[in-house]
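The values are calculated or read from the model by the stated rules, or taken from the named source; none is laboratory data. Predicted, not measured: the structure shown is a model, and the values here were computed from it. Here Cβ is always computed from backbone atoms with ideal geometry, including for glycine, and neighbour counts include all displayed protein chains. Quick note on the areas: whole protein, heavy atoms, side chains included, nothing else; ligands and nucleic acids left out. Shrake-Rupley method; radii C 1.70, N 1.55, O 1.52, S 1.80 Å.
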Amino acid sequence: MTVSRVLRNRGDVSAATRDKVLEAAKTLGYVPNQIAGSLASQRVNLVAVVIPSLSNMVFPEVLTGINRAFEDTPLQPVVGVTDYLPEKEEQVLYEMLSWRPSGVIIAGLEHSDATRAMLKNAGIPVVEIMDTDGTPIDAMVGISHRRAGREMAAAILKQGYHRIGFLGTKMPLDHRARKRFEGFTEALAKAGVEIEDREFYSGGSALAKGREMTEAMLERSPDLDFLYYSNDMIGAGGLLHLLDKGIDVPAQIGLAGFNGVELLDGLPRQLATMDACRKEIGTKAAEIILERSALAEDETPEDPGHVTLSSKISWGDTLRRYRR
């Protein structure tokens, strides 16, 4: 019984006894049968984490926040990747829910009817992450992408830029980029400014893609004085292209991206961007799962768990036409 309490992390066992049991289990190579243990509770100590991409540098940082929050707890995250495809999201979620996890953390608020039905009927805590511009199924943690777009537009206009081009992902699959674009164009329109050129692409965010898109846009629209990119990676590619061509950034043309990717800190110029609060989102989402998991089966959480974090502009070296 003592060994059982230790291995299930239940009951009052002294630290010395616990250490002895865990050391013996380690020596024997013993791994508890969680499936057998879950038959009574109908749940395993796994949390399904459903994200659209691992190549996008945003999501590994979200996973870092989730892992840190689950350290020293019985819960372990298991990751499924959807490639931004609604039908694949359905498949991944169906398989993960069949294992009866203790919770779900899933990217975005837009899902197919089948996915929404599965999440509503799962009977476990569900946290939708990255976005708060919409109505969640249960809890949500993220930023307002429309507000992020509006704030970036205001910063660009304040610095005296008015001939603006937009470069980014194809919107139907990337809802968060679409919402930033909507907020961005809304703020520009209120100031009487329209986007003069735009370029969209599909596939991963890459430096080479940013170079190609920037070159193509400036060939079409050489009078542009600002380029707004939907993410930092293509923005960094655009910056490298402009510097290679000897174009003065930011006096001749300004640039800004989105996400605040630390990997780009070593660029010749610091790209203006906005922090997407990635680690904080992961940490808070995992904390909500932990809090909800501790509730009794018939207990309703007092807090709905709707958390909107504040993203901030990092001005860098590419958004300061007027020096302060």
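Filtering the stretch 264-277 down to residues that are at pLDDT below 95 and not in a loop (DSSP other than H, G, I, E, B), which residue is nearest to V49 (Cα to Cα)? Among them, the one singled out is D275. Taking first residues from the stretch 6-20 that are free of Cβ contacts under 8 Å to residues at least 40 places away in the same chain and partners that are in a loop (DSSP other than H, G, I, E, B), the Cβ contacts under 8 Å between residues at least 6 apart in sequence or on separate chains come to V6/V13; L7/P32; R8/P32.
Based on this model, can you work out whether S112 counts as surrounded by fewer than 20 Cβ atoms within 10 Å (Cβ to Cβ), in contact with a helix residue (DSSP H, G or I) (Cβ under 7 Å, 6 or more places away or on another chain) and of a type in the set (S, T, N, Q)? The answer is yes for S112. Reported count of residues in the stretch 45-70, each being hydroxyl-bearing (S, T, Y) and open to solvent by less than 50 Å² (accessible area, probe 1.4 Å), is 2.
Considering every residue within the stretch 210-222, establish whether at least one is touching a His at 6+ places or on another chain (Cβ under 9 Å), of a type in the set (S, T, N, Q), modelled with pLDDT of 95 or more and open to solvent by less than 20 Å² (accessible area, probe 1.4 Å). There is at least one residue in the stretch 210-222 that is touching a His at 6+ places or on another chain (Cβ under 9 Å), of a type in the set (S, T, N, Q), modelled with pLDDT of 95 or more and open to solvent by less than 20 Å² (accessible area, probe 1.4 Å). Quick check on M140: is it in a strand (DSSP E or B), at positive phi and either at pLDDT below 95 or crowded, with 20+ Cβ neighbours inside 10 Å (or both)? No: the conditions fail for M140. Among the residues of the stretch 292-312, those that are at pLDDT 95 or above and not in a loop (DSSP other than H, G, I, E, B) comprise H306, V307, T308. When E151 is tested against (1) under 23 Å from I281 (Cα atoms); (2) crowded, with 22+ Cβ neighbours inside 10 Å, exactly one condition is not met: (2).
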